[in-house]
Every structure is written in C-alpha cells, then in structure tokens.
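The values are calculated or read from the model by the stated rules, or taken from the named source; none is laboratory data. Predicted model, so just to flag it, every value in this text is computed and none were measured. We place every Cβ from the backbone using ideal geometry, glycine too, and count neighbours over all the protein chains shown. Please note that ligands, DNA and RNA were not included when accessible areas were found on the heavy atoms of the full protein model with its side chains. Shrake-Rupley method; radii C 1.70, N 1.55, O 1.52, S 1.80 Å.
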Amino acid sequence: MRLCESVRSWRWLGCAGAFRVGVGVMLLGLSLAESVPPQASCAAAPQNLTQPHYQDVTHSDTNVGFMATLVHSFLNTVQPQPFSGDLILQVVDEAVKMQLNQEVIHKILMYKVGFLVCAAIGVVYIILMPTVGSFFACCRCCGKCGGKMYQKQTSSIHCSRRTLYWSAFVTTVIILAGNICMFKSNEALKMSVDQSPEQINKSIDNICTFLTAVPQQVNYVVNESNTVIQAVASNLDAIGHQLGTKIQQQFNGTLAPALHSLRLLDQETLNTSVQLYKLNESLVQLQHSLDSLQANVTAVKNRINQTLSNPDCTGCGNLQTELQSLTLNTSISIPNLNEFQSAVDKVIKINLTSKIKEVENSFNNIPQTVTNETRDLVQSSKQQLGDIKTQISKVTSDIPLSALGNVSNTLNQVKKEIGRVTPQAEKAEYIGWSVGIAICCVVLLVVVCNVLGLLLGPVGLTPRADPRNRSCMADCGGTFLMMGAGFSFLFSWLFMIVVLLLFLVGGNVYTVICQPWNNRQLLKIFDSPNSLPGLDISQTLGLKTNLSIFAIYSDCKQNQPLWTTLHLYELINLEDLLNVSKYTEQIQQQFEKTNLNLSSITLLSPEVENQLRTFSTKATQINTTATAQSMNNISNINLNTTANKLDRAADTKSGNIQQELRNEARDLRQIQTNIETIINPQIKNLNSTIHSLQLITEKITGTVGEVLNNTGKAQDFLNTNTTQIVKTESRKFLNCQLNLLTAYADWANIMITQELGRCGPVAGAVDLVDLVLCSQVVESLNAFWFSLGWCLIFFIPSIIFSIKLAKYYRRMKHSDAYDNQISMTNNQISMANIPWDQMKIS
C-alpha cells in the first residue's frame, strides 16, 4: 500500500512539475518582457507656434494708373526741389508754438514756389475768362468782334476754313480724351472711398489679432515649460519602473537562458524520479511474480522427482535429466540504480523550483529597489524642477505685454470712430461724386456742341452758295460752335476754381506725404533728433540703442519677430531666463552621489553544482545490459517441452504413476501459461520503463552541462557587470530627462527670438494706409483735377477756333462787295469759274 501511494504521489509530482515549468516559462517571459509605459522622447520638443490667421486686405484696382505717370511728371516739374524733412519738422514745431516767423514763411514760399506759380496762373485764368467772356459778349451784342454778320470773301477763305476746322477738331478730341479721363477718375475716386472703410477695418482687425496673439504665444511658450517639467517629474516618479526595467533588460540576455535551462533540468529531474519509481515498482512486482514462479516450479520439480524415484516408475531414469532444465534463475537487478536514485533524491531535495523563484523575485524586485534607493534623489530633483519653472515664468513679466493691450484698446476706439463717421463720409463722397459727374457732363456738353458743330457745319455747307443763302443745317452747325464757346466762357472759370483747390490739396498731399512715403523719407523724419515729441520708441521701451521707426517698418515688412524688431534682447536676458544648466548640473551631481545597491543574485552554490555533477555522473553509470539478458532468459523459458516428455512417459505407464506424470505435466503447462500471461507482460512493462529511463538519462548529462555553463556565464556577468550596468542605465535615464529640459530651452529660445510676434500685419496696415490714401484716393483725385485742368486749358483754343470757324457756317446778313463785283463783271471773272467744289470740306 505504501509503495502504491508513493508511486501515485510521484506521478502527480511529475504532472505538476511539467505544469509548473510551463507556467514558470510564461511568467518569466512576462516579467522580462513586461510592457513599459511609453517614455517621453529624450529630444522631443513641443509644436511650433501657430501663427494667427489674418484677413485678406487686398484692395481692388481702381484703374487710374494710366494717369499716374503723367500727373507725377507734372507735379515733379511743379516742385522739383527734394523733400525737406527738416522744414516739415520746423513748421510742425512752429505750429505747435502757435507762431510762424518770417524766416519759416520765406522757406515755405520758396519750397512751394512751383505751386504758387501754378496757383497764380489759375487765378489769372479765373479772372480773365469771365472778363474776356463779358467783353466778348458785349462786343458781339454791339456788332463788333465778329458780331457783324458779314464775311469777307477772299481767295484763301476755304483754306482758312479747313485749317480752322481741323484745329477745332483736334482740340475737341483732346478735350474729349480729358473728359473721358475725368469720368474714369471720378468713378475711381468713388470706388476708393467706398472700399476704404472696410479695408481699414480689416487691417485694424489684423493688428488687433496680432496684438492678441502675442500674449497667447508667450503664454504658450511658458505653459509648455510646465508640460515638459511635469513630464520630467512624472519620469522621476516612475524612475523605479523605467530605470529598473532598463536594468532588467540588460540582465535578461544572460539570465533568461540560465533560468530556462534550470527549469528544463528541474523537469527532467522530476521525470527521472517518476521513471525510477516506476522502475522500482515494476522490479518489485516482477520479482514477486518470479519468486512465485520459482516456488511453483520447485514444488512441481519435487513432485516429479518423487514420481520418478518411485520403484513402480520403470524406465523413468532417462527423465532425470529433464529435471535439470527446471532450474530457473529469477534474480532481476540493475547495477548502480540505488546510487542513481540517491543522486536524484538529492537534486530533488535541492528544490530547483524554489531557487528559480528566488532568482525571479530578486530580478522582479529591481524596480522597487531602484525606487527605494532614489526616493531622496527624486524629491530634491523635483525641487530643482520647481525652481526652473519659477525662473522660466519670469519671461511673461519681463516682456511688456501691457503696452500691447493699450494699443489694442486704442485701435478699437479708432474702429468705432471709423464706423461712426463712415455714413457722413459716404454721404459727402456721394455729393462729391455727383458734383464730379455734373462737371464731367458740362465739359461733355461743350464737346457735344463742338462735335455737332463740326458735323452739321460741313454737311450743310454749299461752297458755291452765297454766304447769305447758307442752309439751316450749316447755320445750326455754326450755332452749336458758338454755344460750345459760350458754355466754355460760362463754366471754365468756375471749374478752374475747383481745379485750383483740388490741385493745392491733392498736389501737396502727394509731394508732402505720398512721394516721401514711397521713397521712405517720411519715416526717416520721425527718426531724426528733432522728431515729433512722444515718438522716441527707444526711450519709451527703455532701450540703450536708438530704435528707428524706419527700421521697425523694414523689419515688419519682412515679417520679422518682435524680438529683433523691438530689440527686446536689450530688455530681457533670455539666455539667463532659459539657462537650465545650473539646475541640471545640480541634479546631475546628486545622481552621481547616489549609489544604487542591488541585492546580489546567486544562481547556484558550489555545493549544488557538485551535486548536479554527481547527478550527471550517476546517470551515465547505469547499465541495463545484464538486466535485459536476464529478462530475455526468463522470456525464453518453455516448460511445455518438459510437460510433453512427461505426457509421453505417462503413455507408457499405468496406474498411479501414469496419473501423477499427467498431473505434473498439466502443472508445468499451467506454470508456462502463467509465465506467458503474467510474467512476460511485466517483463515487457519493465523493459519499456527501462527504455524511458534511458532516454531521460541520455539527456541529463547535456542538460546538466548546459545548466552549469549558462548559470556560470550568468553568474560571472552579474558579478562583474551589475555595477557598470546600473551606472550606465542611470546615466542614460538622467541624460534623457536633462535632454528634455535642454530641448525645451532651445525650443523656447527659437520660438521667442524667431517666431514670436511676427509683425507683418503692422507693416501691412501701414502699406494699406498708403494704398488707400495715396495709390487710390489721392491718385484718383489728382487724376480728376489734372484731367479737368487739361480740358480747361484746351477750352481757350477751342473757343478761338469755334468762334472763328462758326462764321464759315452761319448765314450772313450782308454780302461782300467783292462778291457783287464778281457777279456783275462777267467779262473779267465769272462766278462759275471759282473752284468752289475744290474747296468743299468732305
């Protein structure tokens, strides 16, 4: 019973051992390949600053560029002197003091002499045109100055008419071209004024967006420091897991094969023990059966011997030799089996499973050990991180962001004012546009009168007809020419007042503001020592160097950041604020002073190694050859041969001898049957167990050698490299955290110095004012007065040519005496011979 229980227990141990090995391998894989939370990249930097989205402020083309070159050329001729910034500043200074001395007035007059001459010419035009027109009207009414309806007939009359006709035609075409330019410039002026409020509001919105984005960008840069510092602090809190896992990975390369070979040896040892107990059980059972067999054979042999010794058994002497074959050798044994069993028991007693578990526990406790050893280090490092955070937050206070808010409030007020005055401006613009259309129509009326006169006059003219008999159509042509001249006299001096006023306004705005702005001389005024008060930006910001408005505009034109545009590097020591090296050096020194003492891992003691070597040696000493021969001898026993001889001897006998021989033969056959049904299966089972044991023992030597080799390498690696591995991985972990801080500092430096507050919208707003005021409004205004002045100047030859040409088409009241003489003196010159048809205007 005890033997059976022992066998069942070892069978269960074998199954349990196999299960434990499988589970152990799985747990080791999980422990060594445990997933590590994703760590922040050692060189990761936040995303770059997002630049704000600005509205499109592109202004529609008003198509007045065709006049710009001509107008600019005229204005440059009027004022050839270069722009005088000093004079402008002197005038502004005198105006602030509410006084202008004679010297300043003289300089102004000399500077504006061209405008004064043009203004004088305009005044002369304004005075002379109505005066001449009045005298001309009076003379016409009195029959003078061509008022008498009489036309002297000469030989060159038709040539003069044609010359006057083409001169009036060319003059009219020139006036018509100027009138077309008047219409276009007046419409362009309306379009410019209509679009200006919307574009200016968009530009103001862009500046407000820029001013709002700058503090947000600064806060983003500072807030990213909190994110980075928090990431480093989190990594420090998880130093046990992160650093410990890295150390485990370094040990895994040599420790995992050693533990794996130990598990295989443990499994083979358990399997060997199970097979040994199976072998012992089979041996005991077989030996018990053989002992019974030996007893039965001996009993039958004794009975046969008695029967053969009976005197009645005649002729039985020859059967005595058969009794010798009934002697059996039933001893079954395996040499050195007990020594091998003892070696196996000692290995099992070592309990390799507990050794493996002990090593795994030491391996798995590395993260917790790291955590315990670095607790004070983590606390001091996090304190240093807090100091870094406090230092970087000073960037917000050092950059003058409050001034941006004041500017934004001012721009919002300007936008409200623009919205308030826009309706009045649109109303005024509509009135101005209507007046411009009226002026254009009046000029067009003069052109129409001239055109009608030039069309109707030649069509209705009959060159051969008497001047007193001219047709109504020709007379209407002459009347239209006189109407054109009359309208010219009537409106030209009024329109010249408009030209003079617009010329003084638009021309001076161009020469004083627009032209200096285009060549950037106007901006340089504000950078001069005598600049306007309150414009010293360097003094306002507290800069050491002089910061010019022209330089600011140029940088903003290139969309440069505020750091270089406003010379903020003179106000903020960014290198010091973002200098994290003094803190990282302290953290690094603290890391260097911290020693991580990991508990030593001992895989196999020398005693255990000796026992394993003995176990391997005993496994090779088992010899089952003699046992196999003994089992073969038992398997070859055949008692039926002796039984058959006994039966044949019984056939020759009678009585009791016969019966005894037959009984003894039957008993031998029964024993043979037992051998075949009981002994042989047990022998076969024993043979199978021996074969299984041989397969296991053949592997033991290789497994033990692998275990000793792997554990030896692992133990040597742990003994010699543990300290270096800990230092190397600790340094890598520290460098990773410090690189995060350094990468942030570099990123913040780049963002503040290269990306923060790109001021392109400011330059865009200034350019838009120039575009609206100069390129659109002033250009359109100058094109209008220039076109109108162009027409008014050509009104003078138009009046002259129209009045002189009208007499060639109007019906005369008196006939020339020379004409009558020609009619009456047919002998000298006949009227028919005058080439009227050759002088007709086609």
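Quick one: how many residues across the range 344-355 are touching a residue at least 24 places away in the same chain (Cβ under 8 Å) and either open to solvent by 10 Å² or more (accessible area, probe 1.4 Å) or part of a loop (DSSP other than H, G, I, E, B) (or both)? If you could, list the steps in order and put the result at the bottom.
From the range 344-355, those touching a residue at least 24 places away in the same chain (Cβ under 8 Å) are 344-348, 350, 352-353, 355; that's our starting set.
Retained after the next criterion (residues that are either open to solvent by 10 Å² or more (accessible area, probe 1.4 Å) or part of a loop (DSSP other than H, G, I, E, B) (or both)): 345-346, 348, 350, 353, 355.
Qualifying residue count for the region: 6.
Within the bounds of the range 751-766, is there any residue that is part of a helix (DSSP H, G or I) and within 30 Å of L259 (Cβ to Cβ)?
Within the range 751-766, the first condition is being part of a helix (DSSP H, G or I), and the residues that meet it are 751-755, 760-766.
Subset that is within 30 Å of L259 (Cβ to Cβ): none.
No - not one qualifying residue is present in the range 751-766.
All but one of (1) part of a loop (DSSP other than H, G, I, E, B); (2) surrounded by 11 or more Cβ atoms within 10 Å (Cβ to Cβ); (3) at pLDDT 80 or above hold for L70; state the number of the condition that does not hold.
(1)
Can you pull out the residues in the range 285-301 that are open to solvent by 10 Å² or more (accessible area, probe 1.4 Å) and within 16 Å of R666 (Cβ to Cβ)?
The answer is N296, A299, K301.
Looking at (1) touching a Lys or Arg at 6+ places or on another chain (Cβ under 9 Å); (2) open to solvent by less than 60 Å² (accessible area, probe 1.4 Å), find the lone condition where V228 falls short.
If we test V228 against (1) touching a Lys or Arg at 6+ places or on another chain (Cβ under 9 Å); (2) open to solvent by less than 60 Å² (accessible area, probe 1.4 Å), just (1) comes out false.
Given the criterion open to solvent by 80 Å² or more (accessible area, probe 1.4 Å) and either under 29 Å from Q287 (Cα atoms) or under 60 Å from the mean Cα position of the chain (by Cα) (or both), identify the matching residue among T677, T673.
Values: T673 fails: open to solvent by 80 Å² or more (accessible area, probe 1.4 Å).
When all the criteria are applied, what remains is T677.
If you take the residues of the range 530-546 that are among the β-branched types (V, I, T) and open to solvent by less than 70 Å² (accessible area, probe 1.4 Å), which of them is modelled with the lowest pLDDT?
First, pick out the residues of the range 530-546 that are among the β-branched types (V, I, T): 537, 540, 545.
Subsequent filtering for residues that are open to solvent by less than 70 Å² (accessible area, probe 1.4 Å) retains 537, 545.
Values: I537: 61, T545: 68.
Per the criteria, the residue is I537.
Quickly run through the range 304-317 and pick out the residues that are touching a helix residue (DSSP H, G or I) at 6+ places or on another chain (Cβ under 7 Å), part of a helix (DSSP H, G or I) and more than 15 Å from R669 (Cα to Cα).
In the first step, residues of the range 304-317 are kept if they are touching a helix residue (DSSP H, G or I) at 6+ places or on another chain (Cβ under 7 Å); the result is 304-305, 307-308, 310, 312-313, 316.
Subsequent filtering for residues that are part of a helix (DSSP H, G or I) retains 304-305, 307-308.
Selection gives N305, T307, L308.
Quick check, is G419 open to solvent by less than 90 Å² (accessible area, probe 1.4 Å), in a helix (DSSP H, G or I), modelled with pLDDT of 80 or more and touching a helix residue (DSSP H, G or I) at 6+ places or on another chain (Cβ under 9 Å)? Reasoning before the result, please.
On the way: open to solvent by less than 90 Å² (accessible area, probe 1.4 Å): yes; in a helix (DSSP H, G or I): yes; modelled with pLDDT of 80 or more: yes; touching a helix residue (DSSP H, G or I) at 6+ places or on another chain (Cβ under 9 Å): yes.
When the stated conditions are applied, G419 passes them.
Given the criterion in contact with a Lys or Arg (Cβ under 9 Å, 6 or more places away or on another chain), part of a helix (DSSP H, G or I) and open to solvent by 10 Å² or more (accessible area, probe 1.4 Å), identify the matching residue among I207, I200.
Details: I207 fails: in contact with a Lys or Arg (Cβ under 9 Å, 6 or more places away or on another chain).
Step by step, each of I207, I200 is checked, and only I200 is in contact with a Lys or Arg (Cβ under 9 Å, 6 or more places away or on another chain), part of a helix (DSSP H, G or I) and open to solvent by 10 Å² or more (accessible area, probe 1.4 Å).
For the list (1) touching a Leu at 6+ places or on another chain (Cβ under 9 Å); (2) surrounded by fewer than 18 Cβ atoms within 10 Å (Cβ to Cβ); (3) outside any helix (DSSP H, G or I); (4) of a type outside the set (D, E), I need the number of the one condition that Q249 fails.
If we test Q249 against (1) touching a Leu at 6+ places or on another chain (Cβ under 9 Å); (2) surrounded by fewer than 18 Cβ atoms within 10 Å (Cβ to Cβ); (3) outside any helix (DSSP H, G or I); (4) of a type outside the set (D, E), just (3) comes out false.
Which ones in the range 196-236 are free of Cβ contacts under 8 Å to residues at least 60 places away in the same chain and within 29 Å of V378 (Cβ to Cβ)?
Of the range 196-236, the ones free of Cβ contacts under 8 Å to residues at least 60 places away in the same chain are 198, 216, 223, 230, 234.
Across the range 196-236, the qualifying residues are N223, Q230, S234.
Looking at the range 648-662, which of the residues that are without any contact (Cβ under 8 Å) to a residue 24 or more places away in the chain and in a helix (DSSP H, G or I) is farthest from V300 (Cα to Cα)? Spell out how you get there, then give the answer.
Of the residues in the range 648-662, the ones without any contact (Cβ under 8 Å) to a residue 24 or more places away in the chain are 648, 650-651, 654, 658-659, 662.
After this cut, where a residue has to be in a helix (DSSP H, G or I) as well, the list is 648, 650-651, 658-659, 662.
Values: R648: 17, A650: 16, D651: 19, Q658: 15, Q659: 14, R662: 12 Å.
The residue in question is D651.
Can you tell me which condition N610 does not meet? The list is (1) at pLDDT 80 or above; (2) in a loop (DSSP other than H, G, I, E, B); (3) under 24 Å from T720 (Cβ atoms), and all the others hold.
So the condition that N610 fails would be (2).
Would you check which residues across the range 547-568 are in contact with a Lys or Arg (Cβ under 9 Å, 6 or more places away or on another chain), open to solvent by less than 20 Å² (accessible area, probe 1.4 Å) and in a loop (DSSP other than H, G, I, E, B) and list them?
Within the range 547-568, P561 is the sole residue that qualifies.
Could you identify the single residue in T307, T321 that is open to solvent by 60 Å² or more (accessible area, probe 1.4 Å) and over 51 Å from the mean Cα position of the chain (by Cα)?
On the way: T307 fails: open to solvent by 60 Å² or more (accessible area, probe 1.4 Å).
Sole residue among the options that is open to solvent by 60 Å² or more (accessible area, probe 1.4 Å) and over 51 Å from the mean Cα position of the chain (by Cα): T321.
Can you find a residue in the range 423-436 that is at pLDDT 85 or above, touching a Phe, Trp or Tyr at 6+ places or on another chain (Cβ under 8 Å) and in a helix (DSSP H, G or I)?
yes
If we scan the range 261-284, do we find a residue that is part of a helix (DSSP H, G or I), closer than 17 Å to N638 by Cα and not aliphatic (A, V, I, L, M)? I'd like the intermediate steps shown before the answer.
Taking the range 261-284 first, the residues part of a helix (DSSP H, G or I) are 261-284.
In the following step, the residues that additionally are closer than 17 Å to N638 by Cα were identified as none.
Looking for residues that are part of a helix (DSSP H, G or I), closer than 17 Å to N638 by Cα and not aliphatic (A, V, I, L, M), one finds none in the range 261-284, hence no.
Taking the range 452-469 as the region of interest, how many residues are surrounded by fewer than 20 Cβ atoms within 10 Å (Cβ to Cβ) and modelled with pLDDT of 80 or more?
2
Can you tell me which residues in the range 571-580 are in a helix (DSSP H, G or I) and open to solvent by less than 50 Å² (accessible area, probe 1.4 Å)? Please lay out each step first, then the result.
As a first pass, look at the range 571-580 and keep what is in a helix (DSSP H, G or I): 574-577.
Of everything in the range 571-580, those that are in a helix (DSSP H, G or I) and open to solvent by less than 50 Å² (accessible area, probe 1.4 Å) turn out to be L574, L577.
Across the range 91-110, which residue is modelled with the highest pLDDT among those that are in contact with a helix residue (DSSP H, G or I) (Cβ under 6 Å, 6 or more places away or on another chain) and open to solvent by less than 60 Å² (accessible area, probe 1.4 Å)?
Selected residue: V104.
Exactly one condition in (1) among the aliphatic types (A, V, I, L, M); (2) open to solvent by 40 Å² or more (accessible area, probe 1.4 Å); (3) at pLDDT 80 or above is not met by I683; state its number.
(2)
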